[in-house]
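To keep things clear, I will list the structure first and then write my remarks on it.
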């Protein structure tokens, strides 16, 4: 799962389900003019391709690898067959879907009402929750595409966080130096999403 690899495009019938192991996948909505914005991130707590077992088969979003790593891939027909048994797998997938919908809704609110700096803090913390260390590889241009803002806005926000000693940023590599302070600086959107995910998926979300 290489950085920037597209798992599926908008409107394409899905054939596989992906379960990230140590990578992160971003779900993006892309406008006709090419502008994009991230609606959710998926890591080792979840899966990519919920429209397959929900009956939609396609989705208007694009799935792009945000942080390189590995994932498990499963044929969609196999998961749909297991989902149809109405057992533990179905209940788990439905709980995950509810957590994903919460993240999407909160992201929409955050993008509308909070500053670029707050959005960047939320994005960093959501990413860290899905990684094994405090390091991310991501250019400012890609972050701007994820957040749906101008690159200059990301540059300014990242610069303020670095000047405050919260992160270190150089040549596309971001290291979070002070997570507790980053959590105090972020808007309430991060806590809302994490609390709901922890409630619905207590055995899968990292603390």
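The values are calculated or read from the model by the stated rules, or taken from the named source; none is laboratory data. All figures in this text were calculated on a predicted structure; none of them were measured in a lab. Note that we place each Cβ from the backbone using ideal geometry, even for glycine, and neighbour counts take in every protein chain shown.
Could you pull out every one of the helices (runs of 4 or more DSSP H) wholly within segment 56-133 that has 3 or more residues that are buried (at least 19 other Cβ atoms within 10 Å of the Cβ) and touching a residue at least 40 places away in the same chain (Cβ under 8 Å)? Before the answer, list the steps.
Working: elements: 76-83, 88-113, 116-128.
Passing ranges, in order: 88-113, 116-128.
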Subset of segment 149-168 that is part of a loop (DSSP other than H, G, I, E, B) and in contact with a helix residue (DSSP H, G or I) (Cβ under 6 Å, 6 or more places away or on another chain) - its residue that is nearest to residue 116 (Cα to Cα): 149
Output for segment 15-40, where each listed residue is modelled with pLDDT of 85 or more and farther than 11 Å from residue 63 by Cα: 15, 16, 17, 19, 20, 21, 22, 23
Check on residue 192, part of a helix (DSSP H, G or I) and surrounded by 16 or more Cβ atoms within 10 Å (Cβ to Cβ): yes
Segment 172-189, residues that are loosely packed, with under 15 Cβ neighbours inside 10 Å, without any contact (Cβ under 8 Å) to a residue 40 or more places away in the chain and in contact with a strand residue (DSSP E or B) (Cβ under 9 Å, 6 or more places away or on another chain): 172, 173
Matching residues in segment 39-55 - criterion: being under 13 Å from the mean Cα position of the chain (by Cα) and either under 21 Å from residue 134 (Cα atoms) or free of Cβ contacts under 8 Å to residues at least 40 places away in the same chain (or both): 40, 41, 42, 43, 44, 45, 46
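Do we have any residue at all in segment 6-25 that's without any contact (Cβ under 8 Å) to a residue 40 or more places away in the chain and surrounded by fewer than 16 Cβ atoms within 10 Å (Cβ to Cβ)?
First pass over segment 6-25, keeping only residues without any contact (Cβ under 8 Å) to a residue 40 or more places away in the chain: none.
Checking segment 6-25: not a single residue is without any contact (Cβ under 8 Å) to a residue 40 or more places away in the chain and surrounded by fewer than 16 Cβ atoms within 10 Å (Cβ to Cβ).
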All positions within segment 180-203 that are closer than 21 Å to residue 154 by Cβ and in contact with a helix residue (DSSP H, G or I) (Cβ under 7 Å, 6 or more places away or on another chain): 182, 183, 185, 186, 187, 189, 190, 193
